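What follows is a short report on a single structure.
The values are calculated or read from the model by the stated rules, or taken from the named source; none is laboratory data. Keep in mind that what you see is a predicted model, and the values were worked out from it rather than measured. Cβ sites come from the backbone with ideal geometry, for glycine too, and all protein chains shown count toward neighbours.
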Amino acid sequence: MRVYHKAYVYLTCGRKLLVFEQPENPHVGLQVPGGTLDSGESYLHGARREFLEETGLALDLALDHLADQDHVFHMESGELHGLHRRRHFHGALARIPAEEWEHYEMTPSAGGPPILFRLFWLDVFSQQAHEAHNFYEGFGAQLDAVRARVQGTPA
């Protein structure tokens, strides 16, 4: 089985988590910014690079290790099929830069045309955030750890 090394950023502001959906692929659930590492790239550098590519925002803050996850990914076409060795990071902002925006990822790791993302903030204690089926391919698995970190912060 092929192994892909991935890095993701769970960015919060208070109790809100930055997530995105793909308007042109509504069957794909919510995701957090991140993706495949380049050859020789560290997880931390990959997380920052992927975050910028997928959101248009440069991170100028500390990222803490949140969790590691091995996730077997099945795709019918075979692209990115295999074991996704994920490292998740957490960062916190003092204020939200925008409530919602759209951004194109210009260089998808599986190739193909640019992908449109609609980014927005989700309260991690909301009903939507508690329902695992709303998240794509295991991205909701880290939310308990995120909730523990933001518990007691203002909404």
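The number of residues in the stretch 4-55 being assigned to a strand (DSSP E or B) and among the basic types (Lys, Arg) comes to 2. Tallying residues that are touching a Gly at 6+ places or on another chain (Cβ under 8 Å) and assigned to a strand (DSSP E or B) within the stretch 65-85 yields 4. So for the stretch 33-46 (the condition being surrounded by 17 or more Cβ atoms within 10 Å (Cβ to Cβ) and out of contact with any Lys or Arg (no Cβ under 9 Å at 6 or more places or on another chain)), does at least one residue qualify? The answer is yes, given that some residue of the stretch 33-46 is surrounded by 17 or more Cβ atoms within 10 Å (Cβ to Cβ) and out of contact with any Lys or Arg (no Cβ under 9 Å at 6 or more places or on another chain). Taking the stretch 1-31 as the range and being among the hydrophobic types (A, V, I, L, M, F, W, C) and more than 15 Å from Ser109 (Cβ to Cβ) as the test, the residues that pass are Met1, Val9, Leu11, Cys13, Leu17, Leu18, Val19, Phe20, Leu30. One residue stands out among those in the stretch 110-149 that are free of Cβ contacts under 8 Å to residues at least 24 places away in the same chain and among the aliphatic types (A, V, I, L, M): the one that is farthest from Val28 (Cα to Cα), which is Ala148. Residues in the stretch 12-23 include at least one that is at pLDDT 95 or above, more than 25 Å from Ala148 (Cβ to Cβ) and over 11 Å from the mean Cα position of the chain (by Cα). Does Gly138 qualify as being modelled with pLDDT of 95 or more and out of contact with any Pro (no Cβ under 8 Å at 6 or more places or on another chain)? Criteria not met by Gly138.
Taking the conditions (1) charged (D, E, K, R); (2) touching a residue at least 24 places away in the same chain (Cβ under 8 Å); (3) in contact with a helix residue (DSSP H, G or I) (Cβ under 9 Å, 6 or more places away or on another chain) in turn, Glu54 satisfies each one other than (3).
For the stretch 132-146, a residue qualifies if it is in contact with a helix residue (DSSP H, G or I) (Cβ under 8 Å, 6 or more places away or on another chain) and exposed (fewer than 15 other Cβ atoms within 10 Å of the Cβ), and exactly one does: Ala132.
The residues of the stretch 104-154 that are charged (D, E, K, R) and in a loop (DSSP other than H, G, I, E, B), listed by number, are Glu131, Glu137. Is it fair to say Ala62 is touching a Lys or Arg at 6+ places or on another chain (Cβ under 9 Å) and either outside any strand (DSSP E or B) or touching a residue at least 12 places away in the same chain (Cβ under 8 Å) (or both)? Here the answer is no, as Ala62 does not meet what is asked.
Tell me which residues, restricted to the stretch 119-154, are under 14 Å from the mean Cα position of the chain (by Cα) and among the charged types (D, E, K, R). Passing the criteria: only Glu137.
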